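A.B. asks: First the structure, then my questions, so here it is.
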Amino acid sequence: MYEALKAQIVSVCRKMWQKNWAAANDGNVSVRVGDDRFLTTQTGVSKGDITAEMIGLIDGQGRVIEAEAGFRPSSEVKMHLRCYRERDDIGAVVHAHPPCATGYACAHQPLDDYCLIGQVIFVGAVPVTPYGTPSTEEVPDAIAPYLAEHDVLLLANHGALALGTDLTAAYCRMEMLEHQAQISLVAKLLGGAVDLPRADIDRLIGMRPQYGAAGRHPGYRKYPQK
Ligand SMILES: [Zn+2]
């Protein structure tokens, strides 16, 4: 079952690996396929080598419902499941360690510039959520307060998380995050990014429906720098 969705997950995983967002076995992807049912990538496999057989069906408790023998869900499945629990509107979650965005996560610097059109419309301000030990409840507990108004998060000393109404939306947000991080870094070298005027930010945020930008958006926000 779900052949087309599994093929799409494989495609996203391969792109993540090719883009250097996932070293060794890093990164994981999930998709909501129905009431209390989710497809998720297997733990312990390079995203460059993943195949459709390495994607399993689980429930909201992380229990395996249907999968090949030996399948074990992604080590960060609790983080994914918390996203779905907190957000009825979310259909897919992508987690990766894109180097530039993860640099911001390691420096505890939020990506809250409002200087790029696409970033203002589709992503908004990206906070750094508190550190949690991977695979424990610390990570879902750390991100939960931010999910009310954010679809994209930096995980302190770890990586990044992107949510979307479907897998394409979640993947594209991760791609935009890393692009934004690279541009922000260049702007810092040149003296710092210059935000758009507030009136233009509001106008772009108001254009979200016409661009099909579903999900939450934090609006204009600056986070305290550490
Ligand atoms: Zn990770």
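A.B. asks: Regarding segment 1-16, can at least one residue be identified that is hydroxyl-bearing (Ser, Thr, Tyr), open to solvent by less than 40 Å² (accessible area, probe 1.4 Å) and either farther than 19 Å from Gly164 by Cα or not in a helix (DSSP H, G or I) (or both)?
C.D. replies: No: segment 1-16 contains no residue that is hydroxyl-bearing (Ser, Thr, Tyr), open to solvent by less than 40 Å² (accessible area, probe 1.4 Å) and either farther than 19 Å from Gly164 by Cα or not in a helix (DSSP H, G or I) (or both).
A.B. asks: Would you be able to say whether some residue in segment 118-126 is assigned to a loop (DSSP other than H, G, I, E, B) and either surrounded by 18 or more Cβ atoms within 10 Å (Cβ to Cβ) or under 17 Å from the mean Cα position of the chain (by Cα) (or both)?
C.D. replies: Within segment 118-126 (the criterion being assigned to a loop (DSSP other than H, G, I, E, B) and either surrounded by 18 or more Cβ atoms within 10 Å (Cβ to Cβ) or under 17 Å from the mean Cα position of the chain (by Cα) (or both)), the answer is yes, since at least one residue qualifies.
A.B. asks: So, one more: So is Ile50 in contact with a strand residue (DSSP E or B) (Cβ under 7 Å, 6 or more places away or on another chain) and assigned to a loop (DSSP other than H, G, I, E, B) or not?
C.D. replies: yes
A.B. asks: Examine segment 55-76 for a residue that is within 18 Å of the chain's Cα centre (by Cα), in contact (Cβ under 8 Å) with a residue 60 or more places away in the chain and surrounded by fewer than 23 Cβ atoms within 10 Å (Cβ to Cβ), and state whether such a residue exists.
C.D. replies: Looking through segment 55-76, at least one residue is within 18 Å of the chain's Cα centre (by Cα), in contact (Cβ under 8 Å) with a residue 60 or more places away in the chain and surrounded by fewer than 23 Cβ atoms within 10 Å (Cβ to Cβ).
The rows are residues; the columns are (1) touching a Pro at 6+ places or on another chain (Cβ under 7 Å); (2) charged (D, E, K, R).
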| residue | (1), (2) |
| --- | --- |
| Ala7 | no, no |
| Ser11 | no, no |
| Arg14 | no, yes |
| Asp26 | no, yes |
| Leu39 | no, no |
| Gly44 | no, no |
| Ile58 | yes, no |
| Ile65 | no, no |
| Ser75 | yes, no |
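A.B. asks: Only residues that are open to solvent by 10 Å² or more (accessible area, probe 1.4 Å) and either without any contact (Cβ under 8 Å) to a residue 60 or more places away in the chain or in a helix (DSSP H, G or I) (or both): list them for segment 84-103, please.
C.D. replies: Residues satisfying the conditions are Arg85, Glu86, Asp88, Pro99, Cys100, Thr102, Gly103.
The values are calculated or read from the model by the stated rules, or taken from the named source; none is laboratory data. Predicted model, so just to flag it, every value in this text is computed and none were measured. Using ideal geometry, Cβ is built from the backbone for each residue, glycine included, and neighbour counts are taken over all protein chains shown. Quick note on the areas: whole protein, heavy atoms, side chains included, nothing else; ligands and nucleic acids left out. Shrake-Rupley method; radii C 1.70, N 1.55, O 1.52, S 1.80 Å.
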